[in-house]
Amino acid sequence: MIKDLLPRQVVCTVKGAKGKPCHGGLKRYHPFATYYNEPDPDLKNKIRNEFGEDPKLILLKCETCKAVYRLPEELRAKFQQSV
Ligand SMILES: [Zn+2]
């Protein structure tokens with residue numbers, strides 16, 4: 001699952017089995033970096049199809065339910081400057 005990060009969003013909004021939002025923390029995530037590889041091949045394929053296999057690609061991942069979020073353009077630029 002790849003979701004769009006909403007403005008000012010800081011926690012995960014995926015709804016769980018009981019309809020409650022997950023509220024997990026979102027961590028910066030580099031799916032194709034050498035020191036961190038996405039272990040789920042389906043998810044990896046989805047990311048590759050959408051973004052290409054870019055070792056500098058930065059997404060966010062929920063620490064609780066593992067949902068992946070696209071960064072808005074301005075946040076992506078900011079993160080890439082600080083790497
Ligand atoms: Zn979550």
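The values are calculated or read from the model by the stated rules, or taken from the named source; none is laboratory data. These figures come from a predicted structure and were not determined experimentally. Quick reminder, even Gly has a Cβ in these numbers, built from the backbone with ideal geometry, and neighbours come from all protein chains shown.
Residues being within 16 Å of the ligand (Cβ to nearest atom) and assigned to a loop (DSSP other than H, G, I, E, B): count how many of those fall in the stretch 51-70. Full working, then the answer.
Taking the stretch 51-70 and keeping what is within 16 Å of the ligand (Cβ to nearest atom), we get 59-70.
Now narrow it down to the ones that are assigned to a loop (DSSP other than H, G, I, E, B): 63-67.
So the count comes out to 5.
With respect to Lys66, determine if the residue is among the basic types (Lys, Arg) and more than 10 Å from the chain's Cα centre (by Cα). Talk me through it step by step, then tell me what you get.
Details: among the basic types (Lys, Arg): yes; more than 10 Å from the chain's Cα centre (by Cα): no.
No, not satisfied.
Could you check, for the stretch 27-38, whether at least one of its residues is within 13 Å of the chain's Cα centre (by Cα) and assigned to a helix (DSSP H, G or I)?
No, the conditions are met nowhere in the stretch 27-38.
In the stretch 1-30, how many are within 18 Å of Leu75 (Cα to Cα) and touching a Pro at 6+ places or on another chain (Cβ under 9 Å)?
Adding up the residues that qualify gives 7.
Give the number of residues within the stretch 11-20 that are assigned to a loop (DSSP other than H, G, I, E, B), surrounded by 10 or more Cβ atoms within 10 Å (Cβ to Cβ) and among the hydrophobic types (A, V, I, L, M, F, W, C).
At the first step, the residues of the stretch 11-20 found to be assigned to a loop (DSSP other than H, G, I, E, B) are 12-14, 16-20.
Still in the running and surrounded by 10 or more Cβ atoms within 10 Å (Cβ to Cβ): 12-14, 16.
Restricting the remaining residues to those that are among the hydrophobic types (A, V, I, L, M, F, W, C) gives 12, 14.
Counting residues in the stretch 11-20 that are assigned to a loop (DSSP other than H, G, I, E, B), surrounded by 10 or more Cβ atoms within 10 Å (Cβ to Cβ) and among the hydrophobic types (A, V, I, L, M, F, W, C) gives 2.
Is one or more of the residues making up the stretch 68-80 of a type in the set (S, T, N, Q), surrounded by 11 or more Cβ atoms within 10 Å (Cβ to Cβ) and at pLDDT 90 or above?
Restricting attention to the stretch 68-80, the residues satisfying the condition of being of a type in the set (S, T, N, Q) are 80.
Subset that is surrounded by 11 or more Cβ atoms within 10 Å (Cβ to Cβ): 80.
Narrowing further to those that are at pLDDT 90 or above: none.
Within the stretch 68-80, not a single residue is of a type in the set (S, T, N, Q), surrounded by 11 or more Cβ atoms within 10 Å (Cβ to Cβ) and at pLDDT 90 or above.
Quick one: in the stretch 1-50, which of the residues that are acidic (Asp, Glu) and under 14 Å from Arg70 (Cβ atoms) is farthest from the ligand (Cβ to nearest atom)?
The initial filter retains those residues of the stretch 1-50 that are acidic (Asp, Glu), namely 4, 38, 40, 42, 50.
Filter once more, keeping what is under 14 Å from Arg70 (Cβ atoms): 4, 50.
Working: Asp4: 14, Glu50: 19 Å.
So, considering only residues that are acidic (Asp, Glu) and under 14 Å from Arg70 (Cβ atoms), the one farthest from the ligand (Cβ to nearest atom) is Glu50.
Just to be sure I understand the filter: pairs with C-beta atoms under 9 Å, separated by 6 or more residues or on different chains, first member in the stretch 58-70 and under 14 Å from His30 (Cβ atoms), second member in a strand (DSSP E or B) and within 7 Å of the ligand (Cβ to nearest atom). Which pairs pass?
Val68/Cys62; Tyr69/Cys62
State whether the residues of the stretch 22-38 include one that is touching a Ser or Thr at 6+ places or on another chain (Cβ under 6 Å) and surrounded by 11 or more Cβ atoms within 10 Å (Cβ to Cβ). Walk me through how you get there before you give the answer.
Going through the stretch 22-38, the residues touching a Ser or Thr at 6+ places or on another chain (Cβ under 6 Å) turn out to be 22, 24.
Next, from what is left, pick out any that are surrounded by 11 or more Cβ atoms within 10 Å (Cβ to Cβ): 22, 24.
Yes; the residues of the stretch 22-38 include at least one that is touching a Ser or Thr at 6+ places or on another chain (Cβ under 6 Å) and surrounded by 11 or more Cβ atoms within 10 Å (Cβ to Cβ).
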